[in-house]
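Values quoted throughout were computed directly from the atomic coordinates according to the rules given, and no laboratory measurement underlies them. In this text, all values refer to a predicted model and were calculated from it rather than measured experimentally. Note that we place each Cβ from the backbone using ideal geometry, even for glycine, and neighbour counts take in every protein chain shown.
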Amino acid sequence: MQAAGGQLGQALRTPRAAGVAGILSALLLGTVIVLIHITIPVDPASATGWLADSSHQDTLRVALDLLPFTGILFLWFIGAVRDYVGRAEDKFFATLFLGSGILFTGVLFVLAAAVGGLLSTFEASPANSAQPQLWQWGHHFALTLLASYGARMAAVFTLSTTTIGRGLGIFPRWLTWLGYLIALVLLFASGRDLWVELAFPVWVLAVSGYVLVTTLRPGTALRRSRRGDLRRRDRRPPP
């Protein structure tokens, strides 16, 4: 009875941790994406005017300060979700889930380093000596990381998580279809529209909110734990 109680307590705590971490990560990630897009000028020729406005630099620094916490909370979200479905997960999709999540977090940190280095370079030089070619390279490098590589890793993470959730029966039909739709959008439409990346934090927010709300309902964790036990039994090889 003590072991069963401990397993139930773990089943109650882990989804709540995933829900809270996911909500905070989604909000921070959405904020960072918006700040980067509204702050960094698209036209390299406007870099000089951008540097003259200190509010733009301050806004970009806020985004850079939020990125490490975004990555930490996202890793917490990954760990909590993987711990919750670890015994029942499919090895193939579990590998995609973990690998794409870690790669996406790595892209976030590389993006922060790239934008921070670009900002420091222009702060160290007078505004009239800023070279448009350098700004164009840095702008292309940062947004390519976000729109191409980061978005596609987010698509793989969304696809694998949705498949695992559908296979275990822990995602409702609307959340499953939403996950597949957002995965396709991130996979094929990223880079064409600068705001497509916002689809990923919206999906993380939806998943985290659903997990948190359903966990707070009485008896939900116990029913999901029993459902996972049944599915694990079905996957065991015959004696």
Karplus ³J(HN,Hα) for the stretch 170-180 (6.51 cos²θ - 1.76 cosθ + 1.60, θ = phi - 60°; Hz, whole; x = Gly/Pro) runs 9, 10, x, 5, 5, 6, 5, 5, 5, x, 5
Once label points are set 7 Å from the Cα along Cα→Cβ at both Trp137 and Leu187, what is their separation, rounded to one decimal in nm? 3.5 nm
Pseudo-spin-label distance Thr176 to Leu216, built 7 Å along Cα→Cβ, given in nm, is 2.6 nm
Report the extension gain between Asp83 and Gln57 in nm, rounded to one decimal, defined as 0.36 nm multiplied by the number of residues separating them, less their alpha carbon distance. 5.4 nm
Karplus 3J(HN,Hα) series, Hz, for the stretch 103-117 with 6.51 cos²θ - 1.76 cosθ + 1.60 (x for Gly, Pro): 5, 4, 5, x, 4, 4, 5, 5, 4, 4, 5, 5, 5, x, x
Rounded to the nearest 0.05, what FRET efficiency is calculated for Leu198 and Phe92 with R0 set to 25 Å and r the Cβ-Cβ distance? 0.30
